[in-house]
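J.: Dumping the structure here so I can ask a few things about it.
Throughout, read-outs are computed from the coordinates displayed, never taken from laboratory work. If you're wondering where the values come from, they're calculated on a predicted model, not measured in any experiment. As a convention, Cβ positions derive from the backbone with ideal geometry for all residues, glycine included, and neighbour counts pool all protein chains shown.
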Amino acid sequence: KDKLDARYRKLTSYRPYSPDANSAGQRALRNICLDLLAATEDKAELRRALTQFEEADNMTDRMAALGVLSQHATPEREQALDAFEQRYRNDPLVLDKWFAVQARIPEAATLERVQKLMKHPAFSMTNPNRLRSLIGVFAAGNPSQFNRPDGKGYALLADTVLGLDSKNPQVAARLLSSLKSWRM
């Protein structure tokens with residue numbers, strides 16, 4: 001853990017954001033360190049992730065911290081999710097990221113979370129991007145909850161697709177592509 005902490009600190013940049021390859025690589029490695037440190041479930045590491053989320057000067061670092069926090073059922077997760085929604089509620093493409101990160105949460109309560117998000121004012125069954133970011137990510141990016149033994153993940157996808165079929169068959173077909181890996 002000490003080596004990860006040292007590497008995270010060494011990769012922390014106080015320079016203005018730059019999209020160059022070297023800076024992007026440093027951000028990527030730093031965010032992997034953050035994820036590994038938070039995996040220890042140490043409260044200090046979850047606070048570190050929240051601090052990175054709050055202080056980030058770029059979407060890469062903010063989303064990485066939000067993704068890390070989303071994997072832990074803590075008040076910090078809900079605080080970050082609420083702050084992200086408030087900050088980006090008028091930016092539809094960024095809000096899609098907010099829907100997607102929640103759809104990936106590998107917890108039993110995620111199905112209910114997704115169903116609740118389907119009633120969110122920013123969610124629309126007629127918006128293909130929003131459907132893919134919530135239902136598509138849940139079905140393709142959350143194998144433990146989509147493939148639940150009770151079949152409720154499949155039922156959610158089926159109900160969504162049946163509701164879309166005549167209105168938007170292309171989106172319905174794309175959502176069903178998550179079933180391609182059924183043998184796995």
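J.: Rounding to the nearest 20 debye, state how big the charge dipole of the chain is about its Cα centre with +1 on each Lys and Arg Cβ and -1 on each Asp and Glu Cβ. Before the final figure, lay out each step's value.
T.: Working: 28 positive and 22 negative charges, 79 e Å.
That gives the chain a dipole magnitude of about 380 debye.
J.: Right, here's the next one. In Å³ and rounded to a whole number, note down the convex hull volume per residue for the Cα atoms of region 141-184. Each step should come with its number before you reach the end.
T.: Numbers: hull volume 2.9 nm³, N = 44.
Output value, Cα hull per residue: 65 Å³.
J.: Applying the Karplus parametrisation 6.51 cos²θ - 1.76 cosθ + 1.60 with θ = phi - 60° to the phi angles of region 26-35, what ³J(HN,Hα) value in whole Hz is obtained for each residue in order, glycine and proline being reported as x?
T.: 5, 4, 4, 5, 4, 6, 5, 4, 4, 4
J.: Along each of the three principal axes of the Cα atoms of region 80-164, give the extent in whole Å, ordering the values from largest to smallest.
T.: Over region 80-164, Cα extents along the principal axes are 37, 27, 18 Å.
J.: Another question about this same structure. Mind jotting down the distance between the C-alpha centroids of region 84-153 and region 6-30, whole Å?
T.: Cα centroid of region 6-30 versus Cα centroid of region 84-153: 29 Å apart.
J.: Right, another one. Expected output is a single nm value to one decimal: the length gained when fully extending between Ser124 and Ala24, i.e. 0.36 nm times separation in residues minus the C-alpha distance. What is it? Walk me through the numbers before you get to the answer.
T.: Values: separation 100, 0.36 × 100 = 36.00 nm, distance 3.35 nm.
Stretched out fully, the Ser124 to Ala24 stretch lengthens by 32.6 nm.
J.: Give me the Debye-computed log₁₀ of I(q)/I(0) at q = 0.22 Å⁻¹ for region 1-112, equal point scatterers on Cα only, no solvent, two decimals.
T.: Debye intensities relative to I(0), on a log10 scale: -1.28.
J.: How much length is gained if the chain between Tyr14 and Lys43 is pulled fully straight, taking 0.36 nm per residue apart and subtracting their Cα-Cα distance, in nm to one decimal? Working shown, then result.
T.: Numbers: separation 29, 0.36 × 29 = 10.44 nm, distance 2.45 nm.
Extra length from Tyr14 to Lys43 when fully extended: 8.0 nm.
J.: Next question. On average over all directions, what projected area in square nanometres does region 32-184 have, based on the convex hull of its Cα atoms? List each step's numbers first, then the result.
T.: On the way: hull surface 37.8 nm².
Computed as one quarter of the Cα hull surface, the answer is 9.5 nm².
J.: What Kirkwood hydrodynamic radius, in Å, does region 10-68 give when the mean of 1/r is taken over all pairs of distinct Cα atoms and then inverted? Don't jump to the answer; show the numbers that get you there.
T.: Values: mean 1/r = 0.0870 Å⁻¹.
Radius from the Kirkwood sum: 11.5 Å.
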